[in-house]
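Engineer: My structure is below; once you've seen it, I'll send some questions.
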Amino acid sequence: MGMAEEKKVKTLEQIQDEIRSYLGEIEYLRSQVGAIDATITDLRTVDATLAYIKDKGKGKAIYIPLGGGIAIKGKIEDPEDVIMDVGAGILVGATIDEARENIEKRINALMNLRLALLRKIEEDTRKVNELLKELQEMNPEEKK
């Protein structure tokens, strides 16, 4: 094997490694998009629940989840008295409208992050396609 052939093999391996790296990143980014989608769905459910409670909640009996699939029966006395996490485990009192506004801001931030991830996936996919084209050009006999 001459020097030129060794260089070609190394370049092929480098391209293949790069492709694998991009494909791994794309897979990771897709999983992140999935996690963001799940969080957005949860936030929309909370928002819809808050809207319902504001409209029809006073005096209603509800089951309050405690965790682990266990809930306790309770009654909504003041639907406007909401406590929300503003970050770092800090809880503050808020109205339903303030809580819904907070949820909307969080959804918007997540949607922006989701869009950025999708753009990165698109960019990485383009790079993979360019690298695959390079591989084909290096091995013209495989085009047949």
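The values are calculated or read from the model by the stated rules, or taken from the named source; none is laboratory data. Bear in mind that the values here come from a model prediction, so they are computed numbers and not experimental data. Glycine also receives a Cβ, built like all others from the backbone with ideal geometry; neighbour counts cover every protein chain displayed. All accessible areas refer to the heavy atoms of the entire protein, side chains included, with ligands and DNA or RNA removed. Shrake-Rupley method; radii C 1.70, N 1.55, O 1.52, S 1.80 Å.
Engineer: Select from segment 38-61 the residues that are exposed (fewer than 13 other Cβ atoms within 10 Å of the Cβ) and either on the phi > 0 side of the Ramachandran plot or under 13 Å from the mean Cα position of the chain (by Cα) (or both) and write down the one among them that is modelled with the lowest pLDDT.
Structural biologist: The qualifying residue modelled with the lowest pLDDT is Gly59.
Conditions (1) part of a loop (DSSP other than H, G, I, E, B); (2) of a type in the set (S, T, N, Q); (3) at pLDDT 90 or above, marked per residue:
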| position | (1), (2), (3) |
| --- | --- |
| Ala71 | no, no, yes |
| Asn102 | no, yes, yes |
| Leu110 | no, no, yes |
| Lys120 | no, no, yes |
| Glu123 | no, no, yes |
| Lys127 | no, no, yes |
| Leu131 | no, no, yes |
| Glu134 | no, no, no |
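Engineer: For segment 1-34, give me each residue that is under 26 Å from Thr125 (Cβ atoms), small (Gly, Ala, Ser) and either at pLDDT below 95 or surrounded by 13 or more Cβ atoms within 10 Å (Cβ to Cβ) (or both).
Structural biologist: Ser21
Engineer: For segment 66-89, does any single residue satisfy the condition of being touching a Pro at 6+ places or on another chain (Cβ under 6 Å) and of a type in the set (Gly, Ala, Ser)?
Structural biologist: Yes, the conditions are met somewhere in segment 66-89.
Results for (1) within 30 Å of Ile19 (Cα to Cα); (2) free of Cβ contacts under 8 Å to residues at least 24 places away in the same chain; (3) open to solvent by 80 Å² or more (accessible area, probe 1.4 Å), shown as yes or no for each residue.
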site	(1), (2), (3)
Gly69	no, yes, yes
Val82	no, no, no
Ile96	no, no, no
Glu122	yes, yes, yes
Arg126	yes, yes, yes
Asn129	yes, yes, yes
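Engineer: Within the group Ile36, Ile76, which residue is in contact (Cβ under 8 Å) with a residue 60 or more places away in the chain and more than 30 Å from Leu135 (Cα to Cα)?
Structural biologist: Ile36
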